[in-house]
Every structure is written in C-alpha cells, then in structure tokens.
Amino acid sequence: MGKLIYSAIASADGYTEDAAGKFDWAAPDDEVLRFVNDLERPVGTYLYGRRMYETMRYWETAHTAPGQPSSVLQFARIWQAAEKIVFSTTLAAVPGARTRIERTFDPGVVRKLKSAAGHEMTVGGADLAGQAIKAGLVDELQLFLVPAVVGGGKRALPGGVRQDLELLDTQRFASGAVYLRYRPKSA
C-alpha cells in the first residue's frame, strides 16, 4: 500500500503563496532542492489541483534550459518519470506525459489508488491537500518553512481541522529554511 504525503514549501507564518498569489519568496536553493530530490525519488504518483499542476508543468521542459544545475535536472527527471493525476473541473485536457484528469476529488478513489500503489504518492496544492487531510487520507506531512513572513495568502494547512501530529524528522538549511516531517497521531 502506498503512503500519501503532503509536501509543501511555506512561509514562516504558514502560507504557500502571499496575498497577491506570488510564491517567488519560496523558491528552494540548491541545498534544499537536493534534499527535496532525495525525498521525491520514491514518489510514483503526484496528485495535483489545477493551479499546482499548471505551476509544476515547468518541470516538463526544465531540463532543456541551458546551464541548469544538476539538482534541477535531477528533479525534472524525477517529476517526468512519475504519474500525475490532476483534479480539475475546468481543464479540458492535460498536455503533459503520464498525466490524466479526474473531475472531482473522491476520497474513495484516492483510497483505492493508495491501496494499489507500490510506491509513495504526494498530494500537491494547499486546497487539494486540505481536502485529503480532512478526509484522513494523508499519512505524512513534509513541510519546508522558509525565513519569510508574508502576512496572508493561501494557508498551507486547512482551517477547521484538529489533528495531533508526531514529529518524525527535522532538518535545518544554511538559507534558514527548516524541514519538518510529521505523521498524524492515531485517535
């Protein structure tokens, strides 16, 4: 059975994007991206909302830009090799390789995907991840907090949810970013 992981980069005050919808302040440096690559290698399926998928499509061609560091090239290969499922009611089609659309988020469908998976899965995009957290589907949270306070925007974690977490791992980076790995405690 596959594990479903929510991985996000957020500001120190808990936002994945600021009030203007920007997240340039969250771009990982080489040290963080190398660490992310190690976490992402076992992932075989990415679950995305439309906006997150549109953001991540950059990785389809990132390897073609001249002068990319090896960490970028590695992430592009990891991302390209994985299946992608995009939950969207508005996209007519998804142009990316190894990518398909699901029109609605159905917790039962995600449970079946987890059951059948022989690899890890991640859920990306705060809104979709919030639905998965509320449905009790997320087995692990991998949060990267960057040293920036943005004062508002899109929250990394959903409101209206009470969940105790067990800290599994931490990592501090030279940039001041920190990695926090949690799993939900059993009720």
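Some observations on this one:
- Conditions (1) under 27 Å from Ala81 (Cα atoms); (2) surrounded by 12 or more Cβ atoms within 10 Å (Cβ to Cβ): number failed by Pro158: (1)
- Here Thr55 passes the criteria (1) in contact with a helix residue (DSSP H, G or I) (Cβ under 7 Å, 6 or more places away or on another chain); (2) surrounded by fewer than 17 Cβ atoms within 10 Å (Cβ to Cβ); (3) of a type in the set (S, T, N, Q) except the one numbered (1).
- Cβ-Cβ contacts under 9 Å between residues 6 or more apart (or on different chains), taken from a first residue in the range 108-128 that is surrounded by fewer than 16 Cβ atoms within 10 Å (Cβ to Cβ) to a second residue that is at pLDDT below 95 and not in a strand (DSSP E or B), are listed as Ser115/Met1; Ser115/Gly2; Ala116/Met1; Ala116/Gly2; Gly118/Met1; Gly118/Gly2; His119/Gly2.
- Any chance Ala62 is surrounded by 15 or more Cβ atoms within 10 Å (Cβ to Cβ), farther than 20 Å from Leu128 by Cβ and among the hydrophobic types (A, V, I, L, M, F, W, C): yes
- Single match in Ala93, Ala174, Ala148 (criterion: assigned to a loop (DSSP other than H, G, I, E, B), more than 21 Å from Met1 (Cα to Cα), open to solvent by 30 Å² or more (accessible area, probe 1.4 Å) and in contact (Cβ under 8 Å) with a residue 24 or more places away in the chain): Ala174
- Just so you know, in the range 153-171 the residues that are out of contact with any Phe, Trp or Tyr (no Cβ under 8 Å at 6 or more places or on another chain), free of Cβ contacts under 8 Å to residues at least 60 places away in the same chain and not β-branched (Val, Ile, Thr) include one that is nearest to Leu33 (Cα to Cα), and it is Pro158.
- Single residue of Phe75, Phe35 found to be in contact (Cβ under 8 Å) with a residue 24 or more places away in the chain, part of a helix (DSSP H, G or I) and surrounded by fewer than 19 Cβ atoms within 10 Å (Cβ to Cβ): Phe35
- Meets criteria (in contact with a Ser or Thr (Cβ under 8 Å, 6 or more places away or on another chain) and either within 22 Å of Thr45 (Cβ to Cβ) or without any contact (Cβ under 8 Å) to a residue 60 or more places away in the chain (or both)) for Val138: no
- Tyr15 meets the stated requirement of being farther than 24 Å from Glu83 by Cα, open to solvent by less than 50 Å² (accessible area, probe 1.4 Å), in contact with a strand residue (DSSP E or B) (Cβ under 7 Å, 6 or more places away or on another chain) and of a type in the set (Phe, Trp, Tyr).
The values are calculated or read from the model by the stated rules, or taken from the named source; none is laboratory data. Nothing here was measured: the structure is a model prediction, and the numbers come from that model. Glycine gets a Cβ as well: all are built from the backbone with ideal geometry, and neighbour counts include every protein chain shown. Just so you know, the surface numbers come from the protein's heavy atoms only, side chains and all, with ligands and any DNA or RNA stripped out. Shrake-Rupley method; radii C 1.70, N 1.55, O 1.52, S 1.80 Å.
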